[in-house]
1. Go through 46-59, 215-228, 267-280 and give me the packing order, highest mean Cβ count within 10 Å leading.
2. Over all directions, how big on average is the projection of the convex hull of the alpha-carbon atoms in the range 155-291, in square nanometres?
3. Using a simple spin-label model with points 7 Å from Cα along the Cα→Cβ vector, what separation in nm is obtained for ASP25 and LYS228?
4. Could you state the number of Å between the C-alpha centres of the range 5-22 and the range 214-238?
5. LEU269's amide H: which non-local residues (gap 5+, or another chain) put their own amide H closer than 5 Å, with H modeled 1.01 Å from N in plane and none for Pro or chain starts?
6. By count of other Cβ within 10 Å, fewest leading, how are CYS192, CYS79 ordered?
7. Compute the whole-percent fraction of alpha carbon pairs in the range 1-90 spaced more than 15 Å apart.
8. For a quick check, take a GNM of the chain with Cα springs below 10 Å and name the residue from ASP190, ASP117, ASP88 with the largest mean-square fluctuation.
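Derivation of every value follows stated rules applied to the coordinates shown; laboratory data play no part. This is a predicted model, so every value here is computed, not measured. Quick reminder, even Gly has a Cβ in these numbers, built from the backbone with ideal geometry, and neighbours come from all protein chains shown.
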Amino acid sequence: MRNKFINWLCEQARQDERIIFLTADLGYSVIEPFQNEFPNRCINVGVAEQNMVGIAAGLASEGFLPYTYSIGIFPTFRCAEQLRNDVDYHNLPVLTSTVGSGVTYGSLGYTHHAIQDLALMRSLPNMVIATPSDPIEVKLILNWHKSNPCPLYLRMHKAGDKSLHLSEPIIELGKPLEINSPKNKELNSDTCILVAGYLAKETLDIEIIKNSMQVFSMPLWGNPACGKLNSFLSSYKKIISLEDHLLAGGFSSWLLEETVKNSIDTRILPVTLPSEAIGKVASEKTLIKPIFDKLIYNVQKNSN
């Protein structure tokens, strides 16, 4: 995902001199293509994420298109005040891009876990949340943001993510994208899976899901998308929501709020990172195993 992001930035920067890339001393072995081609538009602020967001807001207020970049937890929680006061409340088109969603950097401990970032970012009234499931969605999200300037949080996994779409779908704010349409989907016609982020790939590798259940990704959501999902939510009796984030304040929490606010009878079945993951030091594979154990349980329990 991050390679797709940098490649897109390079392509766009050749045509648009407003594009500025900012990093907080991270991204080496990834950002060099942009840095080498556009040295005057690549700013390394050092280990100073709050300053990075302030600079980005200033650039945006002067008509530039700034893209900040770091590991998930650093340009979010560390910069909460700057994101709220400087970017979101002024509705500036700063794109906060991060890698290392969830427990990608699990072996580095809780300081590097991005498992509460969605709760923070979606509390901001103008912030659009972008949770791509594959590199194609990263490109589509970036194109959408370029045409719809706004505060946006792009939450990427890392690298090596497989493309899940056979062709480029049409992306819209609050619109789920189907990534699995099994021949036997009538077996589970009243239940589907809605994924926020890269866990979609592992989900499609599970036989019982691949063969009989619709799976959707949710690339663009958040407060600006409230109310836009009503028709989709009403189409199913049950929706299994999936994310590499804690339940509190995350994607599943947003879906639950949407059903209550809009008096929708659909039952949301959250599959999230368990709170026991906090403080654990282990590989990503180990830390997300409980997510897939619960997912399989929910699928089996709620299959027709």
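1. So the order, starting with the most tightly packed, is 215-228, 46-59, 267-280.
2. 8.8
3. According to this spin-label approximation, the distance is 3.7 nm.
4. 31
5. Placed amide hydrogens put ILE239, ILE240, SER241 under 5 Å from LEU269.
6. Ordered from fewest to most neighbouring Cβ atoms within 10 Å, CYS192, CYS79 come out as CYS192, CYS79.
7. 56
8. ASP190
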